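A.B. asks: A single structure is presented below for examination.
The values are calculated or read from the model by the stated rules, or taken from the named source; none is laboratory data. If you're wondering where the values come from, they're calculated on a predicted model, not measured in any experiment. Ideal geometry is used to build each Cβ from the backbone, glycine not excepted, and the neighbour counts take in all protein chains shown. Just so you know, the surface numbers come from the protein's heavy atoms only, side chains and all, with ligands and any DNA or RNA stripped out. Shrake-Rupley method; radii C 1.70, N 1.55, O 1.52, S 1.80 Å.
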Amino acid sequence: MRKNKKDKKQDINYLDLIPETNPSIRWHRDLKQRIILEIENKGMFNTIAQKVFGKPRFSKVHFDEMGTFIWPEIDGTKTVQDIALLVKEHFGDKAEPLYPRIVKYFQIMESYEFVHFINKKTDK
């Protein structure tokens, strides 16, 4: 019996994974010290849109308070659980429900290729 993709995701314990930021993503802080990622719009369609429609070369992703706290903690050595404990220590009850929230955060970050996990097994 084959497992579908949803079953495979449930087999992964995100708390044990070690995230690492995508080195090709530039980032900086705004005046409120919130982190902004600068994502380059690559590819043929984006090049045409930039030349014909004046679309920007870089898209900006603005993080909220919690995302701004988490991003610098992603250093390729801490696990998701280590980062979750730091979030709990810094934000207290404001971070609850902590584990489902932080796992979803990292799933989204991985889906947009902002981070990858250095100890995640892939089926290729």
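A.B. asks: What is the Cα centroid distance between the stretch 49-76 and the stretch 94-121, reported in whole angstrom?
C.D. replies: After rounding, the separation between the Cα centres reads 16 Å.
A.B. asks: Anyone know which of Ile12, Ile25, Ile102 comes out most mobile in the 10 Å Cα GNM of the chain?
C.D. replies: Looking only at Ile12, Ile25, Ile102, the biggest GNM fluctuation is shown by Ile12.
A.B. asks: Per-residue ellipticity at 222 nm for the chain, helices alone: DSSP H runs ≥ 4 residues times -39500 (n - 2.57), over residue total, nearest 500 deg cm²/dmol? Each step should come with its number before you reach the end.
C.D. replies: Working: 5 runs with 49 residues, N = 124.
Taking each H run of at least 4 residues, the total per residue is -11500 deg cm²/dmol.
A.B. asks: Oh, and also: Could you compute the FRET efficiency for Arg57 and Arg101, with r as their C-beta to C-beta distance and R0 at 30 Å, rounded to 0.05?
C.D. replies: Working: r = 33 Å, r/R0 = 1.09.
In this case the efficiency is close to 0.40.
A.B. asks: So, for the stretch 55-124, what is the accessible surface per residue at a probe of 1.4 Å, expressed in square angstrom?
C.D. replies: On the way: 4460 Å² over 70 residues.
Value for the stretch 55-124: 64 Å² per residue.
A.B. asks: Pairs of alpha-carbon atoms within less than 8 angstrom and 6+ residues apart define the contacts here; what relative contact order does the chain have, in percent? The partial results should precede the final answer.
C.D. replies: Details: 127 pairs, mean separation 42.5, N = 124.
Normalised by residue count, the contact order of the chain is 34 percent.
A.B. asks: Using a 1.4 angstrom probe on the protein heavy atoms only, could you order Tyr14, Tyr112, Tyr99 from most to least accessible area? Spell out each step's value before the answer.
C.D. replies: Values: Tyr14 10, Tyr112 150, Tyr99 80 Å².
My answer, sorted largest first, is Tyr112, Tyr99, Tyr14.
A.B. asks: Looking at this model, which pairs from Lys55/Lys121; Lys55/Lys104; Lys51/Lys78; Lys42/Lys121; Lys55/Lys78 are more than 32 angstrom apart at the alpha-carbon?
C.D. replies: Among Lys55/Lys121; Lys55/Lys104; Lys51/Lys78; Lys42/Lys121; Lys55/Lys78, the Cα-Cα distance tops 32 Å for Lys55/Lys121; Lys51/Lys78; Lys55/Lys78.
A.B. asks: Please give the contour-minus-distance gain from Met66 to Trp27: 0.36 nm per residue of separation, less the Cα-Cα distance, rounded to one decimal in nm.
C.D. replies: On the way: separation 39, 0.36 × 39 = 14.04 nm, distance 1.59 nm.
Taking Met66 through Trp27 to full extension adds about 12.5 nm, to one decimal.
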